[in-house]
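Notes to accompany the following structure.
The values are calculated or read from the model by the stated rules, or taken from the named source; none is laboratory data. Treat the numbers as computed from the prediction; the structure is a model and nothing was measured. We place every Cβ from the backbone using ideal geometry, glycine too, and count neighbours over all the protein chains shown.
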Amino acid sequence: MRWRRLTRNRLSFGALCVILAVTLTSLLAPWVAPYDPDNPDAEATLASVSMRHPLGTDVYGRDQLSRVIHAGRIDLLVALCATAIALTLGSALGAGAGYRGGWVDQLVMRSVDAIMAFPAFILAMAITAALGNSIANVVAAIAITHVPIYTRLIRGEMLRVRETEYAEAARTVGNRPHQIVLYHLLPNCVPPLVVQATLAMGFAILTVAALSFIGLGIHPPQSEWGQMTAEGAGYVVSGEWWLVLFPGFAIMLTVLAFNLVGDTLRDLLDPRMRGVR
Amino acid sequence: MTDLLEVRDLTVHFDTEAGLVEAVDGVTFNVRSGEILGVVGESGSGKSVTALALLRLIRPPGRIVQGAVRFEGTDLVGLSEDEMRAVRGTRIAMVFQSPRTALNPVLTVGRQISRLFELHQGASRAEGRTRTIGMLKLVGISEPERRARQYAHQLSGGMCQRVMIAMALATSPRLLLADEPTTGLDVSIAAQILELLRDLGRRTGASILLITHDLGVVAEVCDRVAVMHAGQIVEVGAVRAIFARPLHPYTQALVRSIPRIDRDVTMEPIPGMVPSLLAPPPGCRYADRCPRVLDVCRRDRPAPRAAAPDQEVACHAAEVEDAPARG
């Protein structure tokens with residue numbers, strides 16, 4: 001049904017395959033990667049693309065392919081954790097604000113407005129700069145900047161569903177407010193939430209990479225796409241193009257895939273599109 | 001028969017931007033145990049608001065301004081929210097107008113019913129499921145096991161209403177509020193649903209407050225009827241008495257507006273509309289539409305008077321023989 005329609009579109013089907021492939025190689029990184037990503041090889045420093053090293057090697061002779069694969073692991077993990085945290089926190093805040101209304105609504109929404117007043121990336125930079133750039137802090141920084149998205153989304157959905165007859169019916173049978181919200185109303189807000197989370201995943205990966213690119217994200221020796229791009233950027237002039245190209249390509253491909261799937265999901269779940277082939 | 005529910009002087013106001021709307025104004029009636037009381041009136045006459053007020057589910061900007069709702073001897077208006085929650089769904093249940101939208105679209109209908117057993121009676125999930133199947137059978141749904149696993153959009157309108165009734169009766173309430181339960185159903189299905197309600201009411205001993213705008217429905221299933229107009233009850237009595245001898249001009253007009261095929265009378269629509277409940281004038285709210293309006297009608301609000309052993313009317317112009325006025 002819906003699933004079939006997601007795979008029927010060739011572009012979104014391709015994007016879905018990319019996400020699946022990236023996820024799988026990340027999960028199986030230790031087995032898939034041909035070399036230890038941190039193992040230097042003095043014999044083969046800055047080696048170009050070859051059969052031995054499909055994506056070349058870096059200045060220490062570490063295998064670029066293995067590093068890109070292991071980097072995907074950390075990028076996806078950070079983005080996924082940040083999205084999960086932001087989604088949970090944002091939904092809880094949005095649900096409370098939307099269902100309860102009144103001063104709770106005012107308090108939550110004005111706080112969210114305050115967060116949104118900062119450009120998301122600057123805020124994430126400030127948080128990691130202030131807390132120090134550990135993996136946990138990067139997750140926290142991205143989660144905080146993403147919370148407003150979900151809060152606003154769920155609040156809006158709550159305002160809609162709390163007026164429905166099934167909400168009224170849930171009240172007439174003696175449910176408590178939190179039971180109504182959790183059990184009867186939130187499940188009705190899932191479709192737009194899934195769309196938002198998919199789109200936000202792409203954005204989160206981009207933010208991890210960008211933070212690491214400027215040295216405020218994941219730090220070496222752990223490989224990370226943005227940080228690898230930053231390192232590789234220094235070698236473009238001297239001709240070692242593979243160092244910047246492949247990690248950059250990995251970022252682009254993954255983010256693009258998440259955005260495409262998110263867009264397709266949005267079209268599929270839009271009520272106005274239902275029944276349209 | 002004793003009174004299960006006694007509503008005295010119930011008044012509900014809504015604070016809107018346009019001003020104070022007196023949606024329900026001093027409504028007084030009772031529901032005896034085991035009976036079906038019909039509440040009739042035009043759209044906007046305050047029938048549904050009255051039902052929600054009984055469950056104390058009027059939400060801001062609306063509020064219950066005054067009045068008492070004595071149910072099984074306790075005044076519901078005075079209960080705490082926790083105590084009230086225990087009454088909802090267990091002692092008083094509600095059946096809604098549009099069953100398809102009153103059922104949650106993302107939960108199976110079986111799950112929605114079995115949850116009530118878990119919520120109110122601490123039943124286990126498996127136990128809830130078994131009893132759900134029993135309830136679905138009781139309301140005449142065939143293949144209950146299969147239906148329980150389906151969603152509202154997979155069922156027909158009549159089937160959805162049966163599910164709603166099963167939900168309402170799941171925890172054996174003493175009072176069932178049915179808010180236009182047959183609107184949107186075709187005539188034969190509507191008749192089946194009414195039949196089912198009456199039958200289940202009899203079998204469980206539950207009283208039913210049946211809200212409708214259809215006097216035909218009242219004639220068919222109700223024991224007594226309360227006629228509402230513009231937030232007030234204008235006449236209450238046994239169905240037989242009211243149909244035989246309607247006293248309030250509004251009730252008379254309602255009875256005359258029933259299309260008849262057995263007699264050669266023309267159907268007469270009621271002139272005018274339900275008056276605005278925004279700051280209504282003193283006196284009778286029907287005065288502007290009433291063919292028998294007197295001077296006093298525009299000044300004083302008519303108090304309900306006993307007109308017959310089981311008939312009360314609130315009208316200055318109604319001919320009530322020798323019955324003492326009641327305050």
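If you go through segment B:83-98 and keep only what is within 9 Å of chain A (Cβ to nearest Cβ) and in a helix (DSSP H, G or I), you end up with B:Met84, B:Arg85, B:Ala86, B:Val87.
Looking only at segment B:65-73, decide whether some residue is free of Cβ contacts under 8 Å to residues at least 12 places away in the same chain and more than 14 Å from chain A (Cβ to nearest Cβ). The answer is yes; a qualifying residue exists. Summed over segment B:224-266, the residues that are closer than 22 Å to B:Thr28 by Cα, surrounded by fewer than 21 Cβ atoms within 10 Å (Cβ to Cβ) and either of a type in the set (D, E, K, R) or not assigned by TED's automatic domain parsing to the domain that holds B:Cys297 (or both) give a count of 2. When you look at B:Thr101, is it within 8 Å of another protein chain (Cβ to nearest Cβ) and part of a helix (DSSP H, G or I), yes or no? It is true that B:Thr101 is within 8 Å of another protein chain (Cβ to nearest Cβ) and part of a helix (DSSP H, G or I). For A:Gly202, indicate whether it is surrounded by 18 or more Cβ atoms within 10 Å (Cβ to Cβ), within 19 Å of the chain's Cα centre (by Cα) and among the small types (Gly, Ala, Ser). Spelling it out, A:Gly202 is indeed surrounded by 18 or more Cβ atoms within 10 Å (Cβ to Cβ), within 19 Å of the chain's Cα centre (by Cα) and among the small types (Gly, Ala, Ser). Looking at B:Glu72, B:Glu81 in this structure, which one is on the phi > 0 side of the Ramachandran plot, at pLDDT below 90 and not assigned by TED's automatic domain parsing to the domain that holds B:Ser114? Step by step, each of B:Glu72, B:Glu81 is checked, and only B:Glu72 is on the phi > 0 side of the Ramachandran plot, at pLDDT below 90 and not assigned by TED's automatic domain parsing to the domain that holds B:Ser114.
Every residue, every condition in (1) surrounded by 13 or more Cβ atoms within 10 Å (Cβ to Cβ); (2) in a loop (DSSP other than H, G, I, E, B); (3) over 16 Å from the mean Cα position of the chain (by Cα), yes or no:
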{"position": "B:Leu4", "(1), (2), (3)": "yes, no, no"}
{"position": "B:Val12", "(1), (2), (3)": "yes, no, no"}
{"position": "B:Asp15", "(1), (2), (3)": "no, no, yes"}
{"position": "B:Glu22", "(1), (2), (3)": "yes, no, yes"}
{"position": "B:Ala51", "(1), (2), (3)": "yes, no, no"}
{"position": "B:Arg63", "(1), (2), (3)": "yes, no, yes"}
{"position": "B:Gly67", "(1), (2), (3)": "yes, no, yes"}
{"position": "B:Val77", "(1), (2), (3)": "yes, no, yes"}
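On the given criteria, is B:Glu180 within 29 Å of B:Glu72 (Cβ to Cβ), modelled with pLDDT of 85 or more and touching a Gly at 6+ places or on another chain (Cβ under 8 Å)? No.
Segment B:117-210 holds helices (runs of 4 or more DSSP H) entirely within its bounds, and those carrying 1 or more residues that are in the same structural domain as B:Glu72 (by TED's automatic domain parsing) and of a type in the set (Asp, Glu) map to B:187-204.
Screening A:Ile154 on (1) touching a residue at least 40 places away in the same chain (Cβ under 8 Å); (2) within 14 Å of chain B (Cβ to nearest Cβ) shows it passes everything except condition (2). Does B:Leu136 satisfy the condition of being at the interface with another protein chain (Cβ under 8 Å from one of its Cβ atoms) and crowded, with 19+ Cβ neighbours inside 10 Å? No, not satisfied. Taking the numbered list (1) under 13 Å from B:Gly41 (Cβ atoms); (2) in contact with a Gly (Cβ under 9 Å, 6 or more places away or on another chain) in turn, B:Asp223 passes all entries but (1).
Within segment B:105-116, is even one residue within 14 Å of chain A (Cβ to nearest Cβ), among the β-branched types (Val, Ile, Thr) and surrounded by fewer than 21 Cβ atoms within 10 Å (Cβ to Cβ)? Checked against the condition, which is being within 14 Å of chain A (Cβ to nearest Cβ), among the β-branched types (Val, Ile, Thr) and surrounded by fewer than 21 Cβ atoms within 10 Å (Cβ to Cβ), segment B:105-116 yields at least one hit. Taking the criterion of being more than 9 Å from chain B (Cβ to nearest Cβ) and part of a loop (DSSP other than H, G, I, E, B), the residues of segment A:165-220 that qualify are A:Ile214, A:Gly215, A:Leu216, A:Gly217, A:Ile218, A:His219, A:Pro220. Within segment A:89-103, residues that are buried (at least 22 other Cβ atoms within 10 Å of the Cβ) sit with their Cβ atoms under 6 Å from residues that are of a type in the set (Ser, Thr, Tyr), at 6+ positions apart or across chains, in these pairs: A:Gly90/A:Tyr150; A:Gly90/A:Thr151; A:Ser91/A:Tyr150; A:Leu93/A:Thr151; A:Gly94/A:Thr151. Kindly indicate whether B:Val163 is within 14 Å of chain A (Cβ to nearest Cβ) and among the β-branched types (Val, Ile, Thr). Yes. For segment A:230-266, the set of residues classified as more than 30 Å from A:Arg10 (Cα to Cα) and part of a helix (DSSP H, G or I) consists of A:Ala230, A:Glu231, A:Gly232, A:Ala233, A:Leu243, listed by residue number. Scanning segment B:185-201 for residues that are in contact with a Lys or Arg (Cβ under 8 Å, 6 or more places away or on another chain) and closer than 14 Å to B:Gln97 by Cα yields a single hit, B:Ile193. If you go through segment B:283-309 and pick out every residue that is touching a Pro at 6+ places or on another chain (Cβ under 8 Å), touching a residue at least 40 places away in the same chain (Cβ under 8 Å) and more than 17 Å from B:Ser45 (Cβ to Cβ), you end up with 2.
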